[in-house]
1. Over its Cα atoms, what ratio of radius of gyration to 2.2 N^0.38 Å does the chain give?
2. Relative contact order for segment 103-210: what percent, with Cα pairs under 8 Å and sequence separation of 6 or more?
3. Count the lysine pairs in the chain that are 8 or more places apart or on different chains: how many have C-alpha atoms under 25 angstrom apart?
4. Treating segment 81-183 as a set of equal point scatterers at the Cα positions, no solvent, please give the Debye-formula log₁₀ I(q)/I(0) at q = 0.14, 0.20, 0.25 Å⁻¹.
5. Collect residues whose amide H, placed 1.01 Å from N in the peptide plane, falls under 5 Å from the amide H of Ala134; neighbours closer than 5 in sequence don't count.
6. With springs connecting C-alpha atoms under 10 Å apart, model the chain as a Gaussian network and identify which of Cys136, Cys52, Cys86 has the largest mean-square fluctuation.
7. Compute the signed sum of charges (Lys and Arg +1, Asp and Glu -1) over the other residues within less than 12 Å, Cβ to Cβ, of Leu82.
8. Using the Cα centre of the chain as the reference point, and only Cβ charges (+1 on K/R, -1 on D/E), how large is the resulting charge dipole? Debye, rounded to the nearest 20.
Amino acid sequence: MTHMKELFDADTVAKAQELMARYPQSRSALLPMLHLVQSVQGFVSQEGVTFCAEQLGLSEAEVSAVVTFYTMYKRKPCGEHLVSVCTNTLCAALGGDAIYRTLQEHLGEDGQPLAHEETAGTPGEPGSVTLEHAECLAACDLGPVLQVNYEYYDNQTTDSAVALVDALRRGEKPQPSRGAPLGDFKSAELQLAGFFPEDEDLYRSQVDGPSQAPETLMGARIAEERGWTAPVMEDVPLPEVEKK
């Protein structure tokens, strides 16, 4: 119990209680609470599973089933930065597979490529980078794409991806193509748990950023130029269900 209190202090417990209060049923807070745990440890340890189970009145098996289902919950300590390379169909065809292989070799040591969810450097230490291949990152019009701590870097090449991870390892934080300024993995996890600075200026500095790209809006622009409109939706009554 003492070790648990050292890992998850009174502030973390208070945040966990706040999460539970947001839902009619406390168990619904499990997903954000797991992100809260990751914001503290950089992954979900067995102690993190126990903490969530005790807070929510769940069994450790119930919590573990969720942790092992969702890929955003990591079972090994992550680096300061999590680099996710999209290797789904379109990005892969456009160069995503080549980017991932290049980063594996570039970040590996002693001739051994870095494996999926492995870390270059000491996890949690400044400049450490965890590499993973990811399923669709929902930016097919900007592929190949990768994310750092879930912020987008669009239209990547092998050279630009190598330059990006090298900058991260030097302690730099290159501006994402879209979205908020880049932070570290633990800070991103705290935001995913639903906690942001109360100071308005600090809040805006952490979350504001351009969210659109010309490629994404191209269809809407062409439709406007050509006067295209979508058909008007009509209220059509649902067919009656045959009574049994």
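Read-outs: derived from the displayed coordinates by stated rules, not from any lab. All values reported here derive from a predicted model rather than from experimental measurement. Cβ coordinates were reconstructed from backbone atoms using ideal geometry, including for glycine residues, and neighbour counts include every protein chain displayed.
1. On the way: Rg = 21.5 Å, N = 244, 2.2 N^0.38 = 17.8 Å.
That ratio works out to 1.21.
2. Values: 129 pairs, mean separation 19.5, N = 108.
Once divided by the residue count of segment 103-210, the mean separation gives 18 percent.
3. Counting lysine pairs in the chain gives 12.
4. Cα-only, vacuum Debye calculation for segment 81-183: -0.45, -0.95, -1.48.
5. Val85, Cys86, Thr87
6. Cys136
7. Numbers: positive: Lys74, Lys76, Lys186; negative: Glu80, Glu117, Glu118, Glu132, Glu151, Asp184, Glu189.
For residues surrounding Leu82, the net value is -4.
8. On the way: 18 positive and 38 negative charges, 73 e Å.
For the chain, the charge dipole is close to 340 debye.
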